[in-house]
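The structure appears right after this line, and notes come after that.
The values are calculated or read from the model by the stated rules, or taken from the named source; none is laboratory data. All values derive from a computational prediction rather than experimental measurement. All Cβ positions, even for glycine, are placed from backbone atoms using ideal geometry, and neighbour counts span all protein chains on display. Surface areas here come from the heavy atoms of the whole protein model, side chains and all, with no ligands, DNA or RNA. Shrake-Rupley method; radii C 1.70, N 1.55, O 1.52, S 1.80 Å.
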Amino acid sequence: MRLWLGLALLGGLGLAAMAAPWVQALLGTDPATPDLFHRFAGPTLAHPLGTDELGRDILLRLLFGARVSLAVGLAVALGATLVGTLIGLTAARAGGWRDALLMRLADTLLALPALPLLVVLAAVDTGRFGLPRGDALADILRIATILVAFGWVGVARLARAAALAELSRDYIAAARIAGATEARVMLRHVLPNIVGPLAVATALAVAGAILAESTLSFLGLGIQPPAPSWGNMLSSAQEMVFAAPLAALWPGLAILLAVAGCTLLADGLRRR
Amino acid sequence: MLLLICGRLGQILLTLALLSALCWGAMGLMPGDPIDLALTSDPLLSAADQVRLRALHGLDRPLSERYLAWAGALLAGDAGFSRLYAVRAAAVLWPAVGSTLVLLGWALALSAGLGVLLGVWGARQAAAGRAVDALAILAQSMPGFWVGILLIILFAVGLGWLPAGGTPDAPGLLDSARFLVLPVATLALGNIAGYARHALAAMQGELAAPYIRTARMKGLAEGRIAWGHAFPNAALPLLTLAALDAGSLVSGALVTETLFARPGMGKLIYDSIMGNDYNLALLALLLAGLVTMLATLAADVAQRLLDPRLAG
């Protein structure tokens, strides 16, 4: 039940994000062009959710913002799962001081206040490494990289615990006796058996990533305007609470649905 | 036990050293330095002045050398001056810490209290449990700053009962309280959900244990069973989870204080990073890190003292 509800929410948002160009063609406007004669317009046929402080269509910005927010979520899911699984499996396999070191590192990252550190990292000028700065894709990659640096922890802890449980089973001993190399044991035998816990951790990492991206964008450090993201839409809506209180409703609702979708998915997967 | 505490304290110091080096490096990579900022505000500064000023403040030295000089001074008890406020960094920090402690204290008390009540209630009645769980997932999925914006729209813009942010002009207890309500509510709402879900899971586990059936068989009242027998056992893991949340509370304070323009630690960290105020930013970051790690350590120690299975 939770699983299907979560999948339906995420699927619906994904479809909406993909449909953005068609909606744009249908409405005949685009999300970037200001129209200062129609600021803060109420819902009309031309602007189903009204317009923002620059007269841009809120529905279109919401849909294109979904592409950005979901892209960050997906990128973090990929990165955090890859890094976390690798570290978790390494720790479980190596044991001893290497295991202790990696897990202390994970514990420390969990204990530290994440957002202040994210703010520090997000304020770094990536232009100094010769990376492009300013366009939306570069922003997405920058934010995703920073979030992976914190997001791997949950995946690694779950991967390690699950891998340790599998490593003590008889079939692992059988595989080793049959002459399988350690890499084959970990990747061919252990990995397929811990996919369940990994999927749960990944879904939770996506939820955390979407929340963190929106918070960073809200603070002005994430996706830079004029590219729309749910977080930076809320940032400008906050300054306009007196003029257009409704503009603050939709982006937050979208974040709520996306994060709740991921959480329900994780819960549903865990209960299976 | 003493060995454990000493080892962990050493670990905390090591982490803080690494953290300060990392943050120092990151700040060196941020766009602009204090001289650039001075330049934009004073067009009369020439290029020669710029070079002279950089040399005067040591900004022409390599990053690693500046870090070592800063770390040495900090160990000697000198945290340097704040660039934004033009006073000693510590003098800016302490009032902000006080403001944040008031905010966090109320938010923590409110969310932990209500969260535990909701969790215990949910564990005792199946229907209530499902409702608490669903509401908690919903509340945890809302970004904290959005909750704050919604509260501002409702109570400050719509009803006009409470101020939308800032601090009172005259220090008075009633006025301070009015300015505190919305930030505390914003911070507490997200945290109640976490505590409620943890308390619900812990209490459901305890209430399914055989000793609860024994308590029922000897005719104890349900309230007595839940609060007298099950809750003390469920409370221990909750303590650890609450300590782990210390970091997220500081994160929440950053967002809440920025949103409501409250002069606290969180806003100070944000403002000082944005304003190239390295001394202040690092001092505040290190303090925040130290406090959260000490909270985790304290919870571990308390757990060992309170749980006879771990104490032995």
Q. With charges set only on the Cβ (+1 for Lys and Arg, -1 for Asp and Glu), what does the dipole of the protein assembly as shown come to about its Cα centre, in debye to the nearest 20?
A. 2060 debye
Q. Interface A/B, total buried accessible area with a 1.4 Å probe, nearest 100 Å²?
A. 3700 Å²
Q. How big is the charge dipole of chain A about its Cα centre, in debye rounded to the nearest 20, if each Lys and Arg gets +1 on its Cβ and each Asp and Glu gets -1 on its Cβ?
A. 1060 debye
Q: Any chance you could give the angle, 0 to 90 degrees and rounded to 10, that helix A:2-18 forms with the longest Cα principal axis of chain A?
A: 50 degrees
Q. What does the charge count near A:Met186 come to, summing +1 for each Lys or Arg and -1 for each Asp or Glu among other residues with Cβ under 10 Å from its Cβ?
A. +1
**Q.** Radius of gyration and maximum dimension Dmax of segment B:92-275, Cα, Å
**A.** 19.2, 66
Q.
Suppose we take every Cα in chain A and form the convex hull; what volume per residue is that in Å³?
A. 154 Å³
Q) Going by a ≥ b ≥ c, the root eigenvalues of the Cα gyration tensor, does the protein assembly as shown fall in the rounded group (a/c under 1.5), the prolate group (a/b larger than b/c) or the oblate group? A) rounded
Q. Going by alpha carbons, how many degrees (0 to 90, nearest 10) lie between the helix axis of A:230-239 and the longest principal axis of chain A?
A. 40 degrees
Q | Spatial separation of Cα centroids for segment B:1-80 and segment B:278-312, in angstrom | A | 25 Å
**Q.** Rounded accessible area per residue of chain B, 1.4 Å, Å²
**A.** 49 Å²
Q.
How many angstrom lie between the Cα centre of segment B:181-233 and the Cα centre of segment A:151-186?
A. 36 Å
Q: Under 15 Å from the Cβ of A:Arg104, count the other residues' Cβ atoms, weight Lys and Arg +1, Asp and Glu -1, and hand me the total.
A: +1
Q. Scanning chain A for chymotrypsin sites (Phe, Trp or Tyr not before Pro) in DSSP loops with at most 16 other Cβ atoms within 10 Å, what's the longest stretch left with none?
A. A:41-241
Q) For B:Phe81, which sequence-distant residues (separation of 5 or more, or a different chain) have an amide H within less than 5 Å of its own amide H, given hydrogens modelled in the peptide plane? A) B:Ala89
**Q.** Helix B:231-244 vs. chain B, principal-axis angle (Cα, 0 to 90°, nearest 10)
**A.** 10 degrees
